[in-house]
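Inspection log for the structure reproduced underneath, given as structure tokens.
The values are calculated or read from the model by the stated rules, or taken from the named source; none is laboratory data. In this text the structure is predicted, and so the values were computed from the model without any measurement. In this analysis, Cβ positions are derived from the backbone assuming ideal geometry, glycine residues included, and neighbour counts consider all displayed protein chains. Ligands, DNA and RNA are excluded from the accessible area calculation, which covers all protein heavy atoms including side chains. Shrake-Rupley method; radii C 1.70, N 1.55, O 1.52, S 1.80 Å.
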Amino acid sequence: MTPIIDIKGLSLAYERDGRRTEILSALDLAVPRGQFLVIVGESGVGKSTLLRVLIDLAKPSTGTVTLDTAPETRSPMALVFQDARMLPWRRVIDNVGFGLERHGLPKAERRARAEKMLKLVGLADLAGRWPHQLSGGQRQRVAIARALAVDPEVLLMDEPFSALDSFTREGLQDEIQRIKAQTGKTVLFVTHDIDEAVYLADRVVVLAGSPGRIAADVSITLPRPRRRRDTELVEAARHLRGELSRRSSDL
Ligand SMILES: Nc1ncnc2c1ncn2[C@@H]1O[C@H](COP(=O)(O)OP(=O)(O)O)[C@@H](O)[C@H]1O
Ligand SMILES: [Mg+2]
């Protein structure tokens, strides 16, 4: 089957202090439709840059990105950040419906869709609240609802749970797996937390080095729901930690 995202020979360099610095080098990555792909790597390796390329905010220096998305899809990708980036002067429901305004949907339809998304993330009761009345975990749920409201084919998530306390983070890790199963979306999830990666992923890709390259690509076949301390997950995390430190010390 044609991958929904097909990255071939992608390199990207930034101009910094008058010097060209290569950030990503010769990446090849094909993402099958419906996969929960997690990208791990140290801070500064180029994870966010890769997502920016996918969402068309950064241009690769070489290489191609081919998307196999339906022509009628208005927002093939939607991105969730580490911070929820809500508009403080809009109620929760209107934050969720924000991206739909660009699509020119009538107000009643926007509202219905936003309500459905809030229900999906378990926040139906908070539709009328203001952003400042939400906890960090609730804000991230709103961000997920807002991203899904435009019905993207791929959900991009850039360290979405990194700023949350561990209890809330674990709750949302379970939530995102449920939401993924319920919607069937392809998910590209970036994290620097290897335990989070193996718990969530169908497949983990490690970015390492400078410029960033793919240092490991590992399938996690364990069925869901998973147990965090399952031997297969612990073993996969150990393997990936080894790859990361080996690659970092090579460079
Ligand atoms: N717009 C930019 N111009 C120049 N350098 C940038 C720009 N954006 C990111 N960088 C640099 O690119 C590298 C990778 O950044 P980033 O993709 O944010 O890494 P990560 O998300 O893995 O922490 C970093 O060294 C960062 O300083
Ligand atoms: Mg980043």
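For the reader, a short list of remarks on this structure follows.
- Taking region 35-118 and the helices (runs of 4 or more DSSP H) fully enclosed by it, the elements with 1 or more residues that are modelled with pLDDT of 95 or more and of a type outside the set (Asp, Glu) are at 47-54, 92-96.
- Output for region 180-211, where each listed residue is part of a helix (DSSP H, G or I), under 13 Å from the mean Cα position of the chain (by Cα) and among the aliphatic types (A, V, I, L, M): 197, 200
- Considering region 51-89, and only residues there that are more than 16 Å from ligand 2 (Cβ to nearest atom) and of a type in the set (S, T, N, Q), the residue that is least open to solvent (accessible area, probe 1.4 Å) turns out to be 75.
- Sole exception among (1) open to solvent by 20 Å² or more (accessible area, probe 1.4 Å); (2) under 23 Å from residue 177 (Cβ atoms) for residue 5, by number: (1)
- Scanning region 57-77 for residues that are of a type outside the set (Val, Ile, Thr), under 14 Å from residue 5 (Cα atoms) and touching a residue at least 60 places away in the same chain (Cβ under 8 Å) yields 67, 68, 70, 76, 77.
- Enumeration of residues in region 212-231 that are open to solvent by less than 70 Å² (accessible area, probe 1.4 Å), without any contact (Cβ under 8 Å) to a residue 24 or more places away in the chain and farther than 30 Å from residue 10 by Cβ: 230
- Filter result for the condition that a residue is within 24 Å of residue 73 (Cα to Cα) and touching a His at 6+ places or on another chain (Cβ under 8 Å), over 142, 150: 150
- Candidates 104, 171 - the one that is in the same structural domain as residue 32 (by TED's automatic domain parsing) and open to solvent by less than 70 Å² (accessible area, probe 1.4 Å): 171
- Residue satisfying all of: in region 1-51; under 23 Å from residue 187 (Cβ atoms) and among the basic types (Lys, Arg); farthest from the chain's Cα centre (by Cα) among these: 8
- For region 134-162, the candidate set comprises residues that are charged (D, E, K, R) and away from ligand 1 (no atom under 16 Å from the Cβ); within that set, the residue that is nearest to residue 49 (Cα to Cα) is 153.
Yes/no matrix, rows are residues, columns are (1) of a type in the set (S, T, N, Q); (2) within 16 Å of ligand 2 (Cβ to nearest atom):
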site: 124; (1), (2): no, no
site: 131; (1), (2): no, no
site: 145; (1), (2): no, no
site: 157; (1), (2): no, yes
site: 160; (1), (2): no, yes
site: 163; (1), (2): no, yes
site: 166; (1), (2): yes, no
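- Close pairs (6 angstrom Cβ cut-off, 6 or more residues apart or separate chains): closer than 12 Å to residue 38 by Cα and in contact (Cβ under 8 Å) with a residue 12 or more places away in the chain in region 152-166, in a loop (DSSP other than H, G, I, E, B) and within 16 Å of ligand 2 (Cβ to nearest atom) anywhere: 158/81; 159/82
- Enumeration of residues in region 174-183 that are surrounded by fewer than 16 Cβ atoms within 10 Å (Cβ to Cβ) and either among the hydrophobic types (A, V, I, L, M, F, W, C) or on the phi > 0 side of the Ramachandran plot (or both): 181
- Residue 92 vs. criteria of a type in the set (Val, Ile, Thr) and under 20 Å from the mean Cα position of the chain (by Cα): no
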